[in-house]
1. Looking at Arg289, is it among the charged types (D, E, K, R), surrounded by fewer than 23 Cβ atoms within 10 Å (Cβ to Cβ) and out of contact with any His (no Cβ under 8 Å at 6 or more places or on another chain)?
2. Can you tell me which residues in the stretch 422-474 are under 22 Å from the mean Cα position of the chain (by Cα) and aliphatic (A, V, I, L, M)?
3. For the subset of the stretch 205-235 comprising residues that are small (Gly, Ala, Ser) and crowded, with 24+ Cβ neighbours inside 10 Å, which member is farthest from Leu459 (Cα to Cα)?
4. Starting from residues that are on the phi < 0 side of the Ramachandran plot and more than 29 Å from the chain's Cα centre (by Cα), keep the ones in the stretch 115-144 and report whichever is surrounded by the fewest Cβ atoms within 10 Å (Cβ to Cβ).
5. If the Cβ limit is 8 Å and pairs must be 6+ apart or interchain, which residue in the stretch 453-474 that is in contact (Cβ under 8 Å) with a residue 60 or more places away in the chain pairs with which residue that is open to solvent by 40 Å² or more (accessible area, probe 1.4 Å) and part of a helix (DSSP H, G or I)?
6. Looking at this structure, is Pro284 in a loop (DSSP other than H, G, I, E, B), closer than 19 Å to Pro216 by Cα and either acidic (Asp, Glu) or touching an Asp or Glu at 6+ places or on another chain (Cβ under 6 Å) (or both)?
7. Can you spot a residue in the stretch 186-204 that is in contact (Cβ under 8 Å) with a residue 24 or more places away in the chain, at negative phi, open to solvent by 10 Å² or more (accessible area, probe 1.4 Å) and in a helix (DSSP H, G or I)?
Amino acid sequence: MEHRPDERPSGPTRRALLVAGGAGVGLMAGCARPGAPGAPAAATASASVTAGASASSGTTGGGLTPGAMTLFKDPAYNFNALLALGGAGAGAAEVGEVLTAVNAINAAGVSAQTYVETFRKLGDELLKAPPGAPADDRTRRFRALRAAQYYGQALFFVLGSDDPGSEEKLYRSGRGAWDTFCDLHDPAPVKATVPYGTTPLPVWFFRPDTSDTPRPTVILTNGSDGQNVDMWTYGVPAALERGWNALVYDGPGQGQLLFVDRVVFTPTWEKVVTPLVDWLTARPDVDPRRIALTGLSMAGDLAPRAAAFEPRIAALVAMPGCVEPWLGFPPEIREILTPDKQKTNDIWNKVVVPQLAPADAAVMKKRFEPFSVPAMLAARQGKLFTDFYTPATRIRALTITDVVRRIKAPTLVLDYEGEQFYPGQPRRMYDALTSPKDFLKLTAAQGAQLHCSPMAPQLHCEVVFDWLDEVLPG
């Protein structure tokens, strides 16, 4: 659409970008307190992405974080650090290491650069031999797992750092640490690739032992920005302790497929899960009648979509339930998207982008890269994408409101007190389900508040696997 020199496209101003700082494993917090679209830019000139998050914390769960767990004043960095700290119970972090890193970042001044530098260095150090003696395999194993965690922490913020072009290298460092951990695990998981279009899915199949005993199996599905180490924290040890197998995988928009193969998210997640089920059911150590599927964070949308079309899924857990990931963005962001691609991109490029502060731009780069290869490549060059329409349309296409009723498997829908990414959506999913179903809300009284219970993954796993054992008994 052409505009006269004195004419600007109508639409959201920078106020639209008051979002909660790209926190943790969720897609985007949508709970800032923006005014009406089209408000004068001067009205929000002093605002920022993280300021918007702080302002909204009272209504979205930030106030539910115990004071002792306020590691950073900025809620985005705080949420990520809480995830790292929570991983300690599964050996995927060390409390002292995380808190020492937090202190160093606060002392240097909290920024993407200091966060990335500190956690990357911590990952590098852990892959060296510990002071005093060469590491045996048991020590190397869990040092590698913690390194994977800390590289993942750095990876989340790297696009806002001074070296965004190091994103793929940083991913590969974390992946290398994860693979080292897996190789040293006893028994080592089966590493394989499963066919998916022209880009196979990497999988890691964990087993309690190497016998061919048929066992119940859980497929652990990651969200929009988690790493494999998160699937360890949120499921693998709990599965193994109960005599279950656990499958970890990278799907489109995740891990290797995103950062290396450059394959973005798809709304038809059954096309991802069905090949995984095919691969599992061909194995003698998998009971084909007892295959469960879990979805963490945005995968609380992906996994239910798959279960709606894959009848071999015997049980489903949505953590949390999510039916419209697009609603994880504030209304002012959603209003940029119009039916017309040119108009949409004019609003984005001529109204919104010129007013973005660097921190705001970094959030948008991170949030859109799993849905657009051009956006990811531009971000690695320190640039902001120019095509808003295409990735926004892909995110909106993840809506599953019309397919939830197709799910036949027994389903557990989790919700969290102070859920800051998809408030109200778990209950919407539960109400729409026609299959056998249960609903559970984890609370601040349990220390399990906020999206995905970052401070209580062990409790989270207890709830999930107790339910799975009841629904799919041995």
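1. For Arg289, the condition - among the charged types (D, E, K, R), surrounded by fewer than 23 Cβ atoms within 10 Å (Cβ to Cβ) and out of contact with any His (no Cβ under 8 Å at 6 or more places or on another chain) - is met.
2. The answer is Met429, Leu440, Leu442, Ala444, Ala448, Leu450, Met455, Ala456, Leu459, Val463, Val464.
3. Ser224
4. Checking each candidate, the answer is Pro131.
5. Once the first residue is in contact (Cβ under 8 Å) with a residue 60 or more places away in the chain and sits in the stretch 453-474, its partners that are open to solvent by 40 Å² or more (accessible area, probe 1.4 Å) and part of a helix (DSSP H, G or I) give Ser453/Leu459; Met455/Met69; Ala456/Gln446; Pro457/Gly89; Gln458/Gly89.
6. Yes: the conditions hold for Pro284.
7. No, every residue in the stretch 186-204 fails to be in contact (Cβ under 8 Å) with a residue 24 or more places away in the chain, at negative phi, open to solvent by 10 Å² or more (accessible area, probe 1.4 Å) and in a helix (DSSP H, G or I).
Residue-by-condition table, conditions (1) modelled with pLDDT of 95 or more; (2) closer than 25 Å to Cys452 by Cβ; (3) touching a His at 6+ places or on another chain (Cβ under 7 Å):
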| position | (1), (2), (3) |
| --- | --- |
| Ala68 | no, yes, no |
| Val95 | yes, yes, no |
| Val102 | yes, yes, no |
| Gly109 | yes, no, no |
| Glu125 | yes, no, no |
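The values are calculated or read from the model by the stated rules, or taken from the named source; none is laboratory data. Given the structure is predicted, the values throughout are model-derived calculations rather than measurements. Please note: Cβ atoms are built from the backbone with ideal geometry, for glycine as well, and neighbour counts cover all protein chains shown. Surface areas here come from the heavy atoms of the whole protein model, side chains and all, with no ligands, DNA or RNA. Shrake-Rupley method; radii C 1.70, N 1.55, O 1.52, S 1.80 Å.
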